[in-house]
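Student: First the structure, then my questions, so here it is.
The values are calculated or read from the model by the stated rules, or taken from the named source; none is laboratory data. What you see is a predicted model, and the numbers here were worked out from it, not measured in a lab. Please note: Cβ atoms are built from the backbone with ideal geometry, for glycine as well, and neighbour counts cover all protein chains shown. Surface areas here come from the heavy atoms of the whole protein model, side chains and all, with no ligands, DNA or RNA. Shrake-Rupley method; radii C 1.70, N 1.55, O 1.52, S 1.80 Å.
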Amino acid sequence: MNIQFKKGALELCVLALLNKQDHYGYELVRKISDRIAISEGSVYPLLRRLKKEEYFTTYLQESQEGPSRKYYQLTDKGKDYLYDLLKEWQQFSEGVNHIIKEGVSNE
């Protein structure tokens, strides 16, 4: 898949997953990579940036499978940002789909 498509969608995917429940980093990577081919290294810089922008907070939780895990929890600011992105995504994807349908139909 085109790398630019992934970059634009990755932020939205992370926020959408965190909207439903808290996740730790590798869990987010695994959930996203089940649907979209991404590298683990592309998610962690995004997580750091989004935390710095206060879209979520972090906390440590004990793990029975090793060291404590850092969980990410969406803030109210993050939820507002998610819903803004969803509106933009909807408009963008509808526009792209319309153009594709217009340009590719009747070939």
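Student: For Gly103, work out the one condition from (1) surrounded by 10 or more Cβ atoms within 10 Å (Cβ to Cβ); (2) part of a helix (DSSP H, G or I) it doesn't fulfil.
Tutor: (1)
Student: For segment 34-43, enumerate the residues that are more than 13 Å from His23 (Cβ to Cβ) and either among the hydroxyl-bearing types (Ser, Thr, Tyr) or touching a residue at least 24 places away in the same chain (Cβ under 8 Å) (or both).
Tutor: Hits for segment 34-43 are Ile36, Ala37, Ile38, Ser39, Ser42.
Student: Pairs please, first residue from segment 57-86 and under 12 Å from Gly25 (Cα atoms), second anywhere and in a helix (DSSP H, G or I), Cβ atoms under 6 Å, 6+ apart in sequence or on different chains.
Tutor: Final answer for the pair search is Tyr72/Leu18.
Student: If we scan segment 58-81, do we find a residue that is within 16 Å of the chain's Cα centre (by Cα), of a type in the set (Asp, Glu), at pLDDT below 95 and open to solvent by 60 Å² or more (accessible area, probe 1.4 Å)?
Tutor: No.
Student: Looking only at residues that are outside any helix (DSSP H, G or I) and among the small types (Gly, Ala, Ser) in segment 6-50, which one is modelled with the highest pLDDT?
Tutor: That would be Ala37.
Student: Just one of the numbered conditions (1) of a type outside the set (S, T, N, Q); (2) open to solvent by 60 Å² or more (accessible area, probe 1.4 Å); (3) modelled with pLDDT under 95; (4) in contact with a Gly (Cβ under 9 Å, 6 or more places away or on another chain) is not true of Glu53; which one?
Tutor: Going through the list (1) of a type outside the set (S, T, N, Q); (2) open to solvent by 60 Å² or more (accessible area, probe 1.4 Å); (3) modelled with pLDDT under 95; (4) in contact with a Gly (Cβ under 9 Å, 6 or more places away or on another chain), Glu53 breaks only (3).
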